[in-house]
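See structure below.
Computed from the coordinates by the stated procedures, all read-outs in this text should not be read as laboratory data. Every value quoted in this text rests on a predicted model; they were computed, and no experiment measured them. Cβ placement follows ideal geometry from the backbone for every residue including glycine, while neighbour counts extend to all protein chains displayed.
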Amino acid sequence: MTQETVKCLIIGSGPAGYTAAIYAARAGLAPVLYTGNQPGGQLTITSEVENYPGYAQGIKGPEMMIDFQTQAERFGTQVRFGYATSVDFSVNPRRIIIDESHEVLAHTVIICTGASAKWLGLPSEQRLNSHGVSACAVCDGFFYRGMDVAVVGGGDTAAEEASYLAKLCNKVYLLVRKGEMRASKIMQERVKSLPNLEILWHTETEEILGAHEVEAVRVRNTQTGERRELPIKGFFVAIGHQPNTDIFHNWLDLDTVGYIRTVPGTTRTNVPGVFAAGDAQDSVYRQAVTAAGTGCMAALDAERYLAAHGLH
């Protein structure tokens, strides 16, 4: 197994990872960034990004991540394709294994592994992803102004997404699999009060219809077996996100879902020299711009840590 020692290792390559890399490189930390198995993160499956400052005409998600990577490399970041398969935070420098074949000893580690949206598992869902299927109403709701859409889910996330879309869209169908919602009482009251939102109880999604973009969704009532097709243009999956933090389970303080806990107002974890940014530690906002902000914070926290320990 090959081995190297670095000042700053960044795990993950979304907005958080690349922003951390830009700041770390400009601070002279010679960062090494491993992209993970989805270089660019969730934005690579986002067609249009119109809410990130600086892109006045909007930009496609993959192109935006290429811009971020190019800027990080311009200042000297080593961007490498690779996946962190295990870590050992009991030693210092911290030990990270990449692709089970390369050992990195890092004086600071910035974790930007993100989170993945949970999907229903329908082939049509993946086929029409970014063509009417989305997992983020705040990101994509604008494209469906005045149209009919559907949201699937029964928790707070689904209620929030549906409420947001109801302000933009002509009609919102909220597809709830059971006869009740898991959402908080206040969120349930909010969605039930919206005049252009219809809750379909005991409803299961069978298929999303459309050749090249979403045209309708076929649903089935689990009590009666009745099937119907709802003509829609947007289908929003809001059944939750899963942070990509499994390899840190034995080392870092995680919440019940798996998000990394950080010291409020910082990106510090419970392990000195290990920082977390982006969706791996943010269960609330999950936006590119907030991820980039915490990436900046993590790089500054890492720089201060190295300086305090005479390593920079």
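Just from its helices, what would the mean residue ellipticity at 222 nm be for the chain, if runs of 4 or more DSSP H residues each count -39500 (n - 2.57) and the sum is divided by every residue, rounded to the nearest 500 deg cm²/dmol?
After summing the helix terms and dividing by residue count, I get -7000 deg cm²/dmol.
Evaluated with a Cβ-only charge set (Lys, Arg +1; Asp, Glu -1), the chain carries a dipole of roughly 440 debye about its Cα centre, given to the nearest 20. Rounded to the nearest 10 degrees, the angle from helix 288-308 to the longest Cα principal axis of the chain is 20 degrees. For the stretch 119-237, the antiparallel share of DSSP beta bridges with both residues in that region comes to about 40%.
When each of the peptides 185-192, 5-12 is scored by how many other beta carbons lie within 10 Å of its residues on average, the order from highest to lowest is 5-12, 185-192.
Taken one residue at a time, the phi angles of the stretch 66-77 give Karplus couplings (6.51, -1.76, 1.60, θ = phi - 60°) of 5, 4, 4, 5, 4, 5, 5, 6, 4, 8, x, 5 Hz. Gly and Pro are set to x. Among 216-226, 166-176, 275-285, 77-87, sorting by the average number of other beta carbon atoms lying within 10 angstrom of each residue, highest first, gives 275-285, 166-176, 77-87, 216-226. Working ranking of peptides 177-184, 240-247 by packing, defined as the average number of other Cβ atoms within 10 Å per residue, highest first, is 240-247, 177-184. For a 4.7 Å threshold on C-beta separation, the list of partnerless cysteines in the chain reads Cys8, Cys112, Cys169, Cys296.
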